[in-house]
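The values are calculated or read from the model by the stated rules, or taken from the named source; none is laboratory data. Everything numeric here is computed off the predicted structure, so don't read it as measured data. Here Cβ is always computed from backbone atoms with ideal geometry, including for glycine, and neighbour counts include all displayed protein chains. To get the accessible areas, we keep the full protein, side chains included, count just its heavy atoms, and leave off ligands, DNA and RNA. Shrake-Rupley method; radii C 1.70, N 1.55, O 1.52, S 1.80 Å.
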Amino acid sequence: MQWPWRRRKVVVVVVVLRKLLTCAICVIALMGLLSVRVHVFPSSKVSDLTDPYKLPTVTQQHELNYQKLSAEKKWTQELTPPHLSKEQAPPHLSKAPLSSHKLNGANGSLDFEKLWKQPSNRDFVPCVQPGSNYTAPDESRGYLLVHTNGGLNQMRAGICDMVAVARIINATLVVPELDKRSFWQDTSNFSDVFDEDHFINALANDVNVIKKLPKDLSSATKVVMHFRSWSGLEYYRDEIASLWEEFQVIRAAKSDSRLANNHLPPDIQKLRCRACYEALRFSPKIEAMGKLLVDRMRAYGPFIALHLRYEKDMLAFSGCTHGLSDVEAEELRTIRENTAYWKIKDINATEQRSRGYCPLTPTEVGIFLTGLGYPSNTPIYIAAGEIYGGDTHMADLRSRYPILMSKEKLASVEELEPFTNHASQMAALDYIVSVESDVFIPSYSGNMARAVEGHRRFLGHRKTISPDRKALVRLFDKIEKGLLMEGRKVSNRISEIHKKLQGSPRRRRGPVSGTKGMDRFRSEEAFYVNPLPDCLCKRVSGNVNASTAMTNGMIPMTTELSWPPAPSDGNRVGWGGAGRIFAPRSLTIASQFLLDS
């Protein structure tokens, strides 16, 4: 009669043991999971993220002090825009640092360092201080009014040139008027885009600058002049300066390309660089927003800034229609026909492209980046306005490189609201990110591309890959016709073509051989595209005699640098002026230059 009781006792013991075993297994599993989580998230800050697709916060919030705004607002902005898709999220859950990865490109396994390595600057550093005989500005003989023309970067170059012209003709420069009548119809004033007070103060030892023409001269007789393009010192000293005998106010109707690129006195050339890279910096609100965009892109690791010049105005102006539908091509032709100040109306699109005069299409850019070896997880910032055709023309590029970001994706509508509908201010944001990127690639050599290239050269020859469009078109056509397949052969060819087109130091190119007259000046490389040798000197060791270190009198050498100048307000380093406002990644010295027209 005792057996049933014993059997029940055994059953109870077995059940208890099973429960204990189950609990033990659960505890072990839980401990394992916790250990993995601690390993992946070593920082308590990261584990606080509630949205797994948010950008990781470098600091949880950025306080942007928009000084000089009428209402003195303080905006608290997060580094984590909430509207990013899973594909656009940065790789912050990676098991190993990105820098230790091998990235697989078309050439096989390409080392991370090779893709992002900067070209050697060969010890060239900025040297923009004037010579020992340079004096304070002479007594003003009159006032120079300037009406700039073109997009942001065209206006920037013109402003810097007019600073030099004011010095040459002993004029007081009135803060220039920005172009409000061009294609972009931007109503921004100088102080909306640039730091007006800094501009005036930074040039105090070079040129007298005032905000407005004195009231007693508002009704004075003015002479309106279209200064001759690419003019030298004699033209301004002889022809223009003679106008002071009759007029107190000279108005420059245009500012673009009014000063020669070469054969100007060294102090004038250095003044152009001081104006461009020191005095003409962006307004505080643009600087702050630009910094925020750079920080958000940095969350993805090293990134490419791609100036994708595939907007409606560019395609209409250039007559480039490859890859477009007949309806789209006709729309662009109509725009060109109806834009009075675009002189050339009848354009052969095929011939334009074969000569390398057309911007690369988004599809072609994808082939190009793949050929260079950049893998599909490469973060890319699109520095551009609205891409013509939108997603229709971006699909191929996005399929290759899904992490395509822009200011509109990195920032919320509310954050961008102060800049929206102001083309120059929006372009300034793209400019900041482009200059600060690890690699800059323009799809077209327009004003923006040339300005960024020159600025990056000035800041230490940062990696800038300039596509050889004429050579690339021949490859793309063979691929399109099925005569050539993407792969190692195409990749090797693309890499070889661009081996020496990555921003290494070189002297500014002179005119094309055989050109004459205005074509000769037009064929020269623009001053702001490459400030070497005028504003970049080669550092030499202290025991080398400077007089014997001169290289045929062409490339100045220096043993000491008085650069950068100290920030004027003590608490922020001006981005468009003396240095970056960002945490330095390498030797940083100063800042800016030509939006495409």
Of the residues in region 150-195, those that are hydroxyl-bearing (Ser, Thr, Tyr) and under 12 Å from Val207 (Cβ atoms) come to Thr172
What helices (runs of 4 or more DSSP H), lying completely within region 326-443, carry at least 3 residues that are closer than 27 Å to Lys114 by Cβ and outside the structural domain of Glu486 (by the TED database)? none
Report yes if Asn189 is modelled with pLDDT of 95 or more, assigned by the TED database to the domain that holds Cys273 and under 22 Å from the mean Cα position of the chain (by Cα), otherwise no. yes
Quick one: what pairs do we get from region 204-224, first residue closer than 17 Å to Arg141 by Cα and of a type in the set (Gly, Ala, Ser), second open to solvent by less than 40 Å² (accessible area, probe 1.4 Å) and outside any loop (DSSP other than H, G, I, E, B), C-beta under 8 Å, 6+ apart or different chains? Ala220/Val249
Of the residues Asp346, Asp430, Asp391, Asp396, only one is touching a helix residue (DSSP H, G or I) at 6+ places or on another chain (Cβ under 6 Å) and either open to solvent by 30 Å² or more (accessible area, probe 1.4 Å) or not polar (S, T, N, Q) (or both); which? Asp396
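Limited to region 482-514, what total is found for residues that are open to solvent by 100 Å² or more (accessible area, probe 1.4 Å) and under 21 Å from Arg456 (Cβ atoms)? Break it down stepwise before answering.
Filtering region 482-514 for residues open to solvent by 100 Å² or more (accessible area, probe 1.4 Å) gives 483, 485, 488-489, 493, 496, 499-500, 509, 513.
In the following step, the residues that additionally are under 21 Å from Arg456 (Cβ atoms) were identified as 499-500, 509.
Qualifying residue count for the region: 3.
If you take the residues in region 264-301 that are basic (Lys, Arg) and part of a helix (DSSP H, G or I), which one is nearest to Glu408 (Cα to Cα)?
Step one: of region 264-301, the residues basic (Lys, Arg) are 270, 272, 274, 281, 285, 291, 296, 298.
Filter once more, keeping what is part of a helix (DSSP H, G or I): 270, 272, 274, 285, 291, 296, 298.
Working: Lys270: 37, Arg272: 33, Arg274: 32, Lys285: 17, Lys291: 15, Arg296: 12, Arg298: 16 Å.
That would be Arg296.
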Restrict the check to region 404-412 and report whether at least one residue is surrounded by fewer than 19 Cβ atoms within 10 Å (Cβ to Cβ) and not hydroxyl-bearing (Ser, Thr, Tyr). yes
Quick check on region 107-133: of everything there that is open to solvent by 30 Å² or more (accessible area, probe 1.4 Å) and touching a Gly at 6+ places or on another chain (Cβ under 6 Å), which residue is modelled with the highest pLDDT? Asn121
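For region 302-314, which positions are modelled with pLDDT under 95 and either part of a strand (DSSP E or B) or in contact with a helix residue (DSSP H, G or I) (Cβ under 8 Å, 6 or more places away or on another chain) (or both)?
Here is the first cut: in region 302-314, the ones modelled with pLDDT under 95 are 309-314.
Scanning region 302-314 gives Arg309, Tyr310, Glu311, Lys312, Asp313.
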Pair list, Cβ under 8 Å, 6 or more apart: region 328-349 residue farther than 25 Å from His393 by Cα and aromatic (Phe, Trp, Tyr), other residue open to solvent by 40 Å² or more (accessible area, probe 1.4 Å) and at pLDDT below 95: Trp342/Phe317
